[in-house]
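Here the structure comes first, spelled out in structure tokens, and everything after it is commentary.
Computed from the coordinates by the stated procedures, all read-outs in this text should not be read as laboratory data. Keep in mind that this is a model prediction, so the values were computed, not measured. Every residue, glycine as well, gets a Cβ built from its backbone with ideal geometry; the counts of neighbours run over all protein chains shown.
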Amino acid sequence: MSRILVIDDERSIRNTLKDILEYEKYQVELAEDGLQGLETLKNHDFDVVLCDIKMPGMDGIEVLQKIEELKPDTPVVMISGHGNIDTAVESIKKGAFDFIEKPLDLNRLLITIRNAMDKSTLITETKTLKKKVNKKYEIIGESAAIKKVKDMADRVAPTDARVLITGANGTGKELVARRLHDKSNRASGPFVEVNCAAIPSELIESELFGHEKGAFTSAIKQRKGKFEQANGGTLFLDEIGDMSLSAQAKVLRALQENEITRVGGDSPIKVDVRVVAATNKNLSEEIEKNNFREDLYHRLSVILIHVPDLNSRPEDIPLLADHFTEQICTEYGMPLKKLTPEAIAELQKIHWTGNIREFRNVIERLIILCDKTITAEDVLNFAAPLK
């Protein structure tokens with residue numbers, strides 16, 4: 001049942017609102033002044049607060065500001081018998097969901113409450129969804145090696161320093177990039193990922209910088225590139241060691257000038273983008289082979305973060321197993337399965353050539369093919385081909 005807090009110094013108003021709202025199947029709490037209302041709000045959660053403006057002691061605007069500090073996601077509807085446009089505007093500016101004048105129009109009041117409830121529900125759902133997304137991209141592990149990665153990412157994240165993430169395939173370089181973004185001042189902006197290895201060399205420039213209509217045969221309309229899409233946020237250039245030399249030259253210029261030019265265009269476009277790059281290649285060797293620009297390497301590698309392979313941190317395997325088991329069982333809508341200590345020990349013996357990606361696949365296979373409790377024998381039977 002939805003809960004509503006009514007803060008009003010007039011007993012008759014409080015009681016009338018309580019009767020009306022309880023008839024509409026809401027659970028209602030009453031407070032006779034701002035201090036009592038705030039105290040009630042400290043101890044309980046409410047879906048909506050109805051607050052009078054003119055009250056002795058602490059007025060409604062002050063109460064509204066305190067609620068914004070205490071429970072910023074709780075919608076507050078201001079009510080007043082002394083309403084005017086200025087008061088209404090001030091209330092909305094201070095964070096109120098809406099403003100209603102006395103005498104209260106019952107229909108408008110109920111509609112406003114329902115709309116406020118919808119907002120409250122939407123905020124809750126958004127938070128839940130964000131938690132799910134954040135959990136999906138969480139870096140799992142407590143080994144010294146992975147703690148070093150997380151600590152470095154957390155220290156660097158609030159800056160705009162460019163970061164080069166190195167490590168073998170499947171180690172979780174994207175997770176580090178997302179952590180850098182989520183803990184940065186750009187977290188509310190876009191996170192745009194480009195897999196440089198998956199885009200043909202003749203298309204990479206159009207993908208990164210966009211193109212103008214008619215720039216080439218299939219350019220039937222103007223298109224924004226990844227740099228523009230990531231404006232105000234983070235651009236993650238994955239597998240940058242596979243980028244063509246011509247594209248590297250343009251990326252270097254974009255980093256130097258903070259501007260790009262679309263393919264077929266003449267006008268430079270300013271962009272505000274933090275670039276995070278990743279590679280599984282040894283870029284020093286690629287520079288010696290003339291496959292990678294040394295000046296671009298130095299631009300990208302202000303901060304270097306190396307992600308260790310799974311074989312170097314077997315102590316993290318129990319945590320990873322629990323994490324992926326819960327995640328996969330939830331995705332499949334099946335009861336949570338458990339791995340025995342012996343099964344974990346067998347997983348720790350495996351040489352993981354595909355790192356975390358391979359490990360997750362094996363856990364998924366075990367969950368699909370095994371009973372509620374996954375044993376050492378199950379691991380030997382179903383993970384053996386990957387040894």
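³J(HN,Hα) across segment 296-303 via Karplus (A = 6.51, B = -1.76, C = 1.60, θ = phi - 60°), whole Hz, x for Gly/Pro?
5, 4, 5, 5, 7, 9, 4, 10
Note down the magnitude of the dipole of segment 144-308 about its Cα centre, charges +1 on Lys and Arg C-beta and -1 on Asp and Glu C-beta and zero elsewhere, to the nearest 20 debye.
500 debye
Residue 79's amide H: which non-local residues (gap 5+, or another chain) put their own amide H closer than 5 Å, with H modeled 1.01 Å from N in plane and none for Pro or chain starts?
Close amide H contacts, sequence-distant or interchain: 51, 52, 53, 100.
Would you work out the charge dipole size for the chain about its Cα centre, treating the Cβ of every Lys and Arg as +1 and the Cβ of every Asp and Glu as -1, and quote it to the nearest 20 debye?
Here the size comes out at about 840 debye.
Treating only the Cβ atoms of Lys and Arg (+1) and Asp and Glu (-1) as charged, compute the dipole magnitude of segment 306-387 about its Cα centre; round to the nearest 20 debye.
120 debye
Two-decimal Rg/Rh of segment 156-216 from alpha-carbon positions, Kirkwood Rh?
Here the Rg-to-Rh quotient is 1.06.
Which one of 367, 6, 104 has its Cα pushed farthest toward the positive end of the charge dipole of the chain, where Lys and Arg give +1 and Asp and Glu give -1 at the Cβ?
The Cα lying farthest towards the positive end belongs to 367.
Work out how much length residue 361 to residue 256 would gain on full extension: take 0.36 nm times their residue separation and subtract the Cα-Cα distance, in nm to one decimal.
33.7 nm
Compute the FRET efficiency between residue 154 and residue 114 as 1/(1 + (r/R0)^6), taking r as their Cβ-Cβ distance and R0 = 45 Å, and round to the nearest 0.05.
The pair residue 154/residue 114 has a calculated efficiency of 0.60.
If you wrap a convex hull around the Cα atoms of segment 228-373, how much volume per residue is inside, in Å³?
165 Å³
Per DSSP H run of n ≥ 4, the term is -39500 (n - 2.57); total these for the chain, divide by its residue number, and report the mean residue ellipticity at 222 nm rounded to 500 deg cm²/dmol.
Theoretical 222 nm ellipticity from helices: -14500 deg cm²/dmol.
Apply the Kirkwood formula to segment 3-133: the hydrodynamic radius equals the inverse of the mean of 1/r over all pairs of different alpha-carbon atoms; give it in Å with one decimal.
After inverting the mean inverse Cα-Cα distance, the result is 14.8 Å.
Distance between the C-alpha centers of segment 322-353 and segment 185-212? Whole Å please.
What the calculation gives is 35 Å, centre to centre.
Return the Rg/Rh ratio of the chain with Cα-based radii and a Kirkwood Rh.
My calculation of the ratio gives 1.11.
Quick one: what are the phi-derived ³J(HN,Hα) couplings along segment 227-235, Karplus 6.51/-1.76/1.60 with θ = phi - 60°, whole Hz, x for glycine and proline?
4, 5, 4, 8, 4, x, x, 10, 10
Can you list, largest first and rounded to whole Å, the semi-axes you get for segment 144-308 by taking the square root of 5 times each eigenvalue of its Cα gyration tensor?
Calculated on Cα positions only, the semi-axes equal 27, 18, 13 Å.
In whole angstrom, and with the biggest value first, how far do the Cα coordinates of segment 311-386 range along each principal axis?
32, 21, 20
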